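The values are calculated or read from the model by the stated rules, or taken from the named source; none is laboratory data. None of the values given here were measured: they were computed from a predicted structure. Here Cβ is always computed from backbone atoms with ideal geometry, including for glycine, and neighbour counts include all displayed protein chains.
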Amino acid sequence: MFRVPLCFSPVFSPMSLSHDSSGQSPFLRSPTLADKEAEVLGISLRSEQVMGSIKGMFGSVTMTLALMRQFSDELRNYWQTDRPDLVIVDFLAPCAGIVADELGIPWWTALSSPAFVEVRKGTPSFLGSWEPPKTVWGKCRDAVGRSLVRTFKRIVFHIFRKQIQSLGFKSIYREDGTERMCSNDVILGLGIPELEFENEWPQAMRWLGPCPESPVFDHPAPQYETGKRYILVSLGTQVPWAKERAKKTFREVAQLLPEYVFHFTLGNADLKEP
């Protein structure tokens, strides 16, 4: 039997995918942080904007690192008694990869947003939606931007070094310059490079192609009218404060573009509000 736990965030619950001779591949849930569900959801589903508030951002990082410490301890105990063959780690739960390293277990990174990984050449993320350069000066801007991103990460690491090092991170970067939060063996990029800016991706990057499958929920399917064009708007599963603002904005946009029908998803199947 070949067992592969899938460690995802923000719920931090590993799912074990087992393959045996029967050909079946059941998912077996192994709950972690069972007593911290409210804290986890409190971080990912905050009703107010944290960006711009030093106190709010500091509090969120502190809470997240504390949860990761407990998550690491629980994973370590779990895998010592039920050792997997390979671990696939969501890029937002990198502490699982560190635990796997500690126990000598191979691990890969699952990267749903390829823009989050650093590149050695090309336009960096996190700096206000920069577009690829068209001049030499633009390339110089990108180089400065990449340096700024790395410097910011090092500053954050220094501020929270005690908590981060307790998770097993000796530094943000390896000796070869790659990020420790990502596997040095395989990074599973959920997408296609043609949709990304031209960059020099890490050697470990493996593109999986389009991922069109969606979770199945007991909800009525949208109704479509002949002759109409449809646009799906999504802000993901978090930042509820931004969704309230976006709903108002796209209601106004819909009035200006009557030839289009906008479908806005709140990213939560339990919400009944249209």
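Computed values, structure above
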{"item": "Residue within the stretch 202-225 that is assigned to a helix (DSSP H, G or I) and not aliphatic (A, V, I, L, M) present", "result": "no"}
{"item": "Residue within the stretch 144-151 that is among the basic types (K, R) and under 18 Å from W201 (Cα atoms) present", "result": "yes"}
{"item": "Number of positions in the stretch 177-195 that are within 23 Å of A93 (Cβ to Cβ) and surrounded by fewer than 16 Cβ atoms within 10 Å (Cβ to Cβ)", "result": "3"}
{"item": "Qualifying residue in the stretch 180-191 (condition: over 19 Å from the mean Cα position of the chain (by Cα) and either assigned by TED's automatic domain parsing to the domain that holds I88 or under 17 Å from G97 (Cα atoms) (or both))", "result": "no"}
{"item": "Some residue of the stretch 91-110 being in a loop (DSSP other than H, G, I, E, B), surrounded by 15 or more Cβ atoms within 10 Å (Cβ to Cβ) and among the β-branched types (V, I, T)", "result": "yes"}
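Condition check ((1) touching a residue at least 60 places away in the same chain (Cβ under 8 Å); (2) out of contact with any Cys (no Cβ under 9 Å at 6 or more places or on another chain); (3) not assigned by TED's automatic domain parsing to the domain that holds N184) across all residues:
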position: Q80; (1), (2), (3): no, yes, no
position: V89; (1), (2), (3): yes, no, no
position: K121; (1), (2), (3): yes, yes, no
position: S129; (1), (2), (3): no, yes, no
position: T151; (1), (2), (3): no, yes, no
position: Q165; (1), (2), (3): no, yes, no
position: I172; (1), (2), (3): no, yes, no
